Amino acid sequence: MKESEQNLRYLKQLVLFPFREYRTDELQYMNLELYWLYLFKDVIGGNANGAWRAWHPPDEEREGNPIFSAINLELKRGVRVIQHARGEDQVHYSQGGNYFPFQPYLNHTTAEALEPELEILELCFLADVSEESERRSREIWKRFCVDLVSEPVMEELIRHYEDEVNMPSVVP
C-alpha cells in the first residue's frame, strides 16, 4: 500500500473526520489540508518526481479557499480545491435548491508568485469531504494531472458531469 493511501486511511479513522468544524478548530483544519494533500498524492502517484508542488499559501482565515493547491510549471497546469462548507448550520445550495458536493471548472490564470508572467490552465473545484466528492476528485485529477487531457476534452468532461447531475452551468 502506498504511503499516501495509508495516510489517507489513517485520517479517515480519526474521530473528527470529516473535519466539519475546520473553520473554528485549527487541528481539524490542518487534518483537512492533509486529507486533500494525501488524496492528490494518491491520484498522481506520490510527488510525481517533484513536478507538482505547493502553490498558493495556506488560507490564513481558515475559510478553505484554497484548502489545497498544487502547480506543475513544466505542464503549465495547476489545481485548486475550495472546501465546500457543509454542516448542520452551513449547507450550501446551488441554483434550484440542490446541493452539489462537487463543482469543477477550468480557469486561465498566472502562476502568480512562482512565475507571474506564466499563464497556466487551472482545474478548480469546490468539494466537500464525502465519498462522492472523493470519487469525483480522483477521476478529474487523474484526467487532468496524469492523463493530461486537453482543455477542450476537460471542458467536455465537466459539461458531461454537470448534465449527469443536472447542475446548472456556473461561470466562476
Furthest towards positive pole of dipole, 69, 167, 36, structure part the chain, Cβ charges: 36
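So how much slack lies between residue 149 and residue 27, counting 0.36 nm per residue of separation and subtracting their Cα-Cα distance, in nm? Mind dumping the intermediate values first?
Details: separation 122, 0.36 × 122 = 43.92 nm, distance 3.61 nm.
That works out to 40.3 nm of additional length.
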Which of these, 158, 71, 82, has the largest mean-square fluctuation under a Gaussian network model of the chain (Cα springs below 10 Å)? 158
The percentage of the accessible area of the chain (probe 1.4 Å, all protein chains present) made up of carbon and sulfur atoms, to the nearest whole number, is 48
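Pull up the DSSP beta bridges for the chain and report the antiparallel fraction as a percent, rounded to 5.
Working: 16 of 23 bridges.
If we restrict to bridges inside the chain, about 70 percent are antiparallel.
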List the GluC sites (Glu not before Pro) within the range 100-172 that DSSP assigns to loop and that have no more than 10 neighbouring Cβ atoms inside 10 Å. 117
Everything considered on the Cα gyration tensor (a ≥ b ≥ c; rounded for a/c under 1.5, else prolate if a/b is larger than b/c, else oblate), the range 9-81 must be described as oblate
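Please compute the Kirkwood hydrodynamic radius of the chain from all pairs of different C-alpha atoms, in Å with one decimal. Working shown, then result.
On the way: mean 1/r = 0.0602 Å⁻¹.
16.6 Å is the Kirkwood radius here.
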Per residue value of the accessible surface for the chain (all protein chains in place, 1.4 Å probe), Å²: 56
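The values are calculated or read from the model by the stated rules, or taken from the named source; none is laboratory data. Since the structure is predicted, the reported quantities are computational estimates derived from the model, not experimental observations. With ideal geometry, Cβ positions are generated from the backbone for all residues, glycine too; neighbour counts draw on all protein chains shown. We work out accessible area using only protein heavy atoms, side chains counted, and drop any ligands, DNA or RNA first. Shrake-Rupley method; radii C 1.70, N 1.55, O 1.52, S 1.80 Å.
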